[in-house]
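A short write-up of the structure that comes next.
The values are calculated or read from the model by the stated rules, or taken from the named source; none is laboratory data. Computed from a predicted structure; not experimentally measured. Glycine gets a Cβ as well: all are built from the backbone with ideal geometry, and neighbour counts include every protein chain shown. All accessible areas refer to the heavy atoms of the entire protein, side chains included, with ligands and DNA or RNA removed. Shrake-Rupley method; radii C 1.70, N 1.55, O 1.52, S 1.80 Å.
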Amino acid sequence: MIYLDYQATTPLAPEAREAMLRWLADDGFANPHSAHAMGRAAKAAVEVAREQVAALFPPGGRVVFTGSATEAINLAIRGGPNGPVAVSAIEHAAVRDTARWFDADHELAVDADGLIDPEVPFPEGARLVAAMQVNNEIGTIQPVERLAERARAAGAWFLCDAVQGAGKLAAPAGADLIAVSAHKLHGPKGIGALWVRDGLQLSPIILGGGQEGGLRSGTLSPALCAGFGAAAKLALERREEDAAHVEMLWNEARAVLNRWTMNGSKTKRYKGNLNLRLNGLDVARLMSDCRRIMFSAGSACASGSGRPSHVLRALGLSDGEARSSIRLGFGRYTTRDELIEACRTIDAAAKAQGV
């Protein structure tokens, strides 16, 4: 098997696995909210992890652990002040659908490259603006710093979904709320975090024991927190090395798939995400013919819906063009040889379809 679906999830880093094992052992099972010695040890592990994850973000904020980035986004939007919410047209469903929960969402259009105009008008009275740092389907990098600056000047909070950029790019400066997920940076599934700028007051959306400063009730898993922390620490340590590796892989993939049309900006993008199309391509058949290769026919969160990608449609692509697109995701643990083999296999299978 060759895994090329890094936007859906990333392989667990050995260092993260090792950090988790201590808290899965017979003497590491304690509740980190208990006052006894074992509980205090577990809590200490959680707080070490919190500091490691906090290093992904700008100074001047706090980290709230959640069960996922989706939960973090829900907390940011539903736990903030009421009023109009403006979100980009290519946001993840976690943002789009949560904004619609208020029945007051406003879409900020993108251009044919999948980029938001940094001077795009915000709706009158917007209380929150949301734009993702790196798009999960097409890899475009948005001008989040400028959007955050303008949101603040307009009296609105700025939420950034940094799931695809955390540990790979610099933290989005100026944001008020930032959501991330451990399993997108080689950590475990089942844990995410919301960074909250100092001075902001949110209301909890999950009530109970009042954990996480009263914002997110529920017992934390020291093992998941430790794995997240180790993965975040490793991502920051290896950021330049990982970026150079991704750049090399990108160049190799583009060389093999040079006849394919790229979706999204060619320059303002994270290069571990390669979204391509061949008009007339039967993607379902392609995936069947290349079943040893793990890649996506679009966003993993929307696959199987039968609907064309809202992201690709926002770029102006037709339904047919959107359905003729694939996404290859690669990163730290992808080797040059397996990527070249996969790209050659995919291109040969497409040619066998006559496209």
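Which residues, taken from segment 87-108, are of a type in the set (D, E) and either crowded, with 24+ Cβ neighbours inside 10 Å or under 27 Å from G190 (Cβ atoms) (or both)? So that I can check it myself, show each step before the final result.
Here is the first cut: in segment 87-108, the ones of a type in the set (D, E) are 91, 97, 103, 105, 107.
Passing the criteria: E91, D97.
Considering only residues of segment 68-86 that are of a type in the set (G, A, S) and more than 15 Å from L202 (Cβ to Cβ), which is surrounded by the most Cβ atoms within 10 Å (Cβ to Cβ)? Among residues in segment 68-86 that are of a type in the set (G, A, S) and more than 15 Å from L202 (Cβ to Cβ), the one surrounded by the most Cβ atoms within 10 Å (Cβ to Cβ) is A69. Among the residues of segment 126-141, those identified as assigned to a loop (DSSP other than H, G, I, E, B) and without any contact (Cβ under 8 Å) to a residue 60 or more places away in the chain are A126, R127, A131, M132, Q133.
Which residue, of G210, G165, G214, G199, is of a type outside the set (S, T, Y) and touching a residue at least 24 places away in the same chain (Cβ under 8 Å)?
G165
Close contacts from segment 269-297, counting a first residue that is farther than 22 Å from V246 by Cβ and open to solvent by 60 Å² or more (accessible area, probe 1.4 Å) and a second that is among the aliphatic types (A, V, I, L, M) and at pLDDT below 95, with Cβ to Cβ under 9 Å and a gap of 6+ residues or different chains, come to A284/A297; M287/A297.
Just checking, does segment 32-48 include any residue being within 16 Å of the chain's Cα centre (by Cα) and among the polar types (S, T, N, Q)?
If we filter segment 32-48 for residues that are within 16 Å of the chain's Cα centre (by Cα), which is where we start, we get none.
Scanning segment 32-48, I find no residue that is within 16 Å of the chain's Cα centre (by Cα) and among the polar types (S, T, N, Q), so the answer is no.
Within the bounds of segment 346-353, is there any residue that is in contact with a Pro (Cβ under 9 Å, 6 or more places away or on another chain), open to solvent by 20 Å² or more (accessible area, probe 1.4 Å) and either of a type in the set (A, V, I, L, M, F, W, C) or under 19 Å from M1 (Cβ atoms) (or both)? Talk me through it step by step, then tell me what you get.
Of all residues in segment 346-353, those in contact with a Pro (Cβ under 9 Å, 6 or more places away or on another chain) come to none.
No, every residue in segment 346-353 fails to be in contact with a Pro (Cβ under 9 Å, 6 or more places away or on another chain), open to solvent by 20 Å² or more (accessible area, probe 1.4 Å) and either of a type in the set (A, V, I, L, M, F, W, C) or under 19 Å from M1 (Cβ atoms) (or both).
Residues that are open to solvent by 20 Å² or more (accessible area, probe 1.4 Å) and aliphatic (A, V, I, L, M) within segment 6-30 comprise A8, L12, A19, M20, L21, L24, A25, listed in sequence order. Considering only residues that are open to solvent by less than 10 Å² (accessible area, probe 1.4 Å) and part of a helix (DSSP H, G or I), which ones fall in segment 143-197? Answer for segment 143-197, where residues must be open to solvent by less than 10 Å² (accessible area, probe 1.4 Å) and part of a helix (DSSP H, G or I): V144, L147, A148, A151, A182. Residues of segment 191-219 that are touching a helix residue (DSSP H, G or I) at 6+ places or on another chain (Cβ under 6 Å) and farther than 14 Å from G229 by Cβ: L194, I205.
Filtered by the rule that a residue be open to solvent by 60 Å² or more (accessible area, probe 1.4 Å) and farther than 16 Å from G187 by Cα, segment 36-64 gives H36, A37, M38, R40, K43, E47, P59, R62. As a summary of the residue check, H33 satisfies the conditions (1) open to solvent by 40 Å² or more (accessible area, probe 1.4 Å); (2) of a type outside the set (G, A, S); (3) in a helix (DSSP H, G or I); (4) under 16 Å from G213 (Cα atoms) except for the one numbered (3). Every condition in (1) open to solvent by less than 40 Å² (accessible area, probe 1.4 Å); (2) in contact with a Lys or Arg (Cβ under 6 Å, 6 or more places away or on another chain) holds for R327 except the one numbered (2). Taking (1) modelled with pLDDT under 95; (2) under 22 Å from the mean Cα position of the chain (by Cα) in turn, I90 satisfies each apart from (1).
When segment 207-242 is filtered for residues that are under 22 Å from N31 (Cα atoms) and open to solvent by 60 Å² or more (accessible area, probe 1.4 Å), the ones remaining, listed by number, are L207, G208, G209, G213, T219. Among the residues of segment 18-31, those that are within 30 Å of the chain's Cα centre (by Cα) and of a type in the set (D, E, K, R) comprise E18, R22. Kindly provide the set of residues from segment 186-236 that are under 26 Å from A13 (Cβ atoms) and either polar (S, T, N, Q) or at pLDDT below 95 (or both), ordered by number. Correct list: T219, S221.
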